Amino acid sequence: MRTIEAELYERLSKVIDPELGRSITDVGMIAAIEAKPAGRVGARETSEVSSDAAGDADFADSADSYDVTVRVELTVKDCPLSQTITNQINGAVTSYPRATLIPHIEVSSMSRDKLADLVAGLKAERRQNPFNKPGVKTRIFAIASGKGGVGKSSVAANLAATFAALGYDTAAIDADIYGFSLPKLFGVHTQPTNLNGMLMPVTAWGVKMISIGMFAGSERAILWRGPRLQRSLEQFLADVWWGSPDVLLLDLAPGTGDMAISVAQALPNAELVVVTTPQSSASDVAVRSGLVALQVPMKVRGVVENMSYFDHSGERLRLFGEGGGARVSQQLTDALGTDVPLLTQLPLQPEIREIGETGRPAVLTPEGALDSSPLAQSFEALAKRLMS
């Protein structure tokens with residue numbers, strides 16, 4: 001008969017580290033498990049297991065209560081998600097069906113050598129940009145615009161939050177090095193965890209993200225161009241542990257500059273989503289951002305028309321004119337020789353700004369669920385169409 005310790009080890013193998021996306025047993029976080037009869041210390045020898053989960057004591061068929069000590073070694077001291085991991089371990093122990101188990105979680109940090117071995121293994125497994133390897137199933141959407149002020153970052157943030165709320169493992173890269181805004185829109189005020197030279201993305205509202213705005217000194221003007229700008233994207237892709245997300249969104253800088261070309265070169269499987277507003281001055285410029293696909297191998301997935309209308313007292317007002325999204329769609333379809341649909345028309349709503357400035361994407365409730373508002377429904381339909 002298997003021991004309680006062995007069975008618990010197997011149960012803990014289903015607990016996933018939120019940052020690494022791996023089982024806590026696979027990455028060596030469970031240093032030991034000990035079980036002993038509650039209130040009967042010394043009544044029988046306790047056993048201790050690590051990776052082999054072996055032992056001689058047969059507790060599994062007992063209906064008694066047991067004190068269970070689980071020694072956990074986190075990857076870094078004061079890990080921001082340690083409570084999440086601890087809660088999951090507690091749940092795995094207390095839900096054990098064959099005896100009453102009283103959990104005692106002892107938390108410490110991995111030794112320097114053990115952490116170095118773990119990081120070396122992860123880096124060896126990845127070695128380079130993980131998103132352009134054969135067989136990768138991550139859908140990559142680069143959110144672009146011809147000019148600033150059309151709400152591109154707001155669209156990117158709310159779309160990412162929508163994907164996460166729908167259950168997709170979602171990642172986002174703030175590739176707008178000059179005008180980064182995702183940290184503010186997601187209420188992020190912390191830096192990525194540095195795991196021996198490998199960065200763990202910050203998670204907020206279910207989205208794993210990275211941005212130059214998360215690092216010290218980012219409030220100063222960024223003057224990077226050319227190779228240095230391209231290197232920043234390469235670092236975001238290769239030096240950050242993303243796991244295997246279902247969806248990766250990139251919030252590009254406006255226009256058709258170096259970063260857009262770098263994205264196309266580093267992520268040839270990315271799909272471009274062009275954001276525009278209805279007026280011709282915006283839509284004419286937006287076409288140029290889609291025409292980058294003529295120079296580099298990138299599919300243009302479609303067009304999003306933002307600030308299309310404003311509903312007031314039962315009347316739909318077209319404050320910025322109309323038809324811009326349709327014009328961009330048609331011009332790109334003609335120029336590229338492939339269908340570039342108008343994916344959606346999003347309303348102009350003060351809530352997007354008001355809620356977004358508090359650090360919560362407007363499509364989400366304060367609890368993090370997808371809202372029932374028309375705006376959230378529009379983004380849900382957009383997300384589902386992109387994944388179809």
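The values are calculated or read from the model by the stated rules, or taken from the named source; none is laboratory data. Note that this is a predicted model, so its numbers are computed, not measured. So basically every Cβ, Gly included, is an ideal-geometry build from the backbone, and we count neighbours across all protein chains shown. Accessible surface areas use protein heavy atoms only, side chains included; no ligands, DNA or RNA. Shrake-Rupley method; radii C 1.70, N 1.55, O 1.52, S 1.80 Å.
For the structure I just gave you, tell me whether Gly359 is surrounded by 15 or more Cβ atoms within 10 Å (Cβ to Cβ), on the phi > 0 side of the Ramachandran plot and either touching a Cys at 6+ places or on another chain (Cβ under 8 Å) or modelled with pLDDT of 90 or more (or both). Against the criterion (surrounded by 15 or more Cβ atoms within 10 Å (Cβ to Cβ), on the phi > 0 side of the Ramachandran plot and either touching a Cys at 6+ places or on another chain (Cβ under 8 Å) or modelled with pLDDT of 90 or more (or both)), Gly359 qualifies. Of the residues making up the stretch 206-243, not one is open to solvent by 60 Å² or more (accessible area, probe 1.4 Å) and modelled with pLDDT of 80 or more.
Residues in the stretch 94-102: is at least one of a type in the set (Lys, Arg), part of a helix (DSSP H, G or I) and out of contact with any Gly (no Cβ under 7 Å at 6 or more places or on another chain)? Within the stretch 94-102, not a single residue is of a type in the set (Lys, Arg), part of a helix (DSSP H, G or I) and out of contact with any Gly (no Cβ under 7 Å at 6 or more places or on another chain). Evaluate the stretch 84-106: report whether one residue or more is modelled with pLDDT of 90 or more, of a type in the set (D, E, K, R), buried (at least 19 other Cβ atoms within 10 Å of the Cβ) and touching a strand residue (DSSP E or B) at 6+ places or on another chain (Cβ under 7 Å). No, the stretch 84-106 has no match at all.
Quick check on the stretch 176-194. Is at least one of its residues outside any loop (DSSP other than H, G, I, E, B), within 15 Å of Gln235 (Cβ to Cβ) and among the polar types (S, T, N, Q)? Yes, the stretch 176-194 has at least one match. Selection of the stretch 289-331 for residues being of a type in the set (A, V, I, L, M), open to solvent by 80 Å² or more (accessible area, probe 1.4 Å) and more than 27 Å from Ala266 (Cα to Cα) yields only Leu319.
Restricting attention to the stretch 78-87 and to residues that are under 20 Å from the mean Cα position of the chain (by Cα) and in contact (Cβ under 8 Å) with a residue 12 or more places away in the chain, the residue that is nearest to Arg11 (Cα to Cα) turns out to be Ile85. Looking at the stretch 278-388, the helices (runs of 4 or more DSSP H) lying wholly inside it that each contain 2 or more residues that are within 26 Å of the chain's Cα centre (by Cα) and touching a residue at least 24 places away in the same chain (Cβ under 8 Å) sit at 280-290, 350-356, 374-387.
Scan the stretch 135-145 residue by residue and report those that are open to solvent by 20 Å² or more (accessible area, probe 1.4 Å) and in contact with a helix residue (DSSP H, G or I) (Cβ under 9 Å, 6 or more places away or on another chain). If the condition is that a residue be open to solvent by 20 Å² or more (accessible area, probe 1.4 Å) and in contact with a helix residue (DSSP H, G or I) (Cβ under 9 Å, 6 or more places away or on another chain), then Arg139 is the only one that fits.
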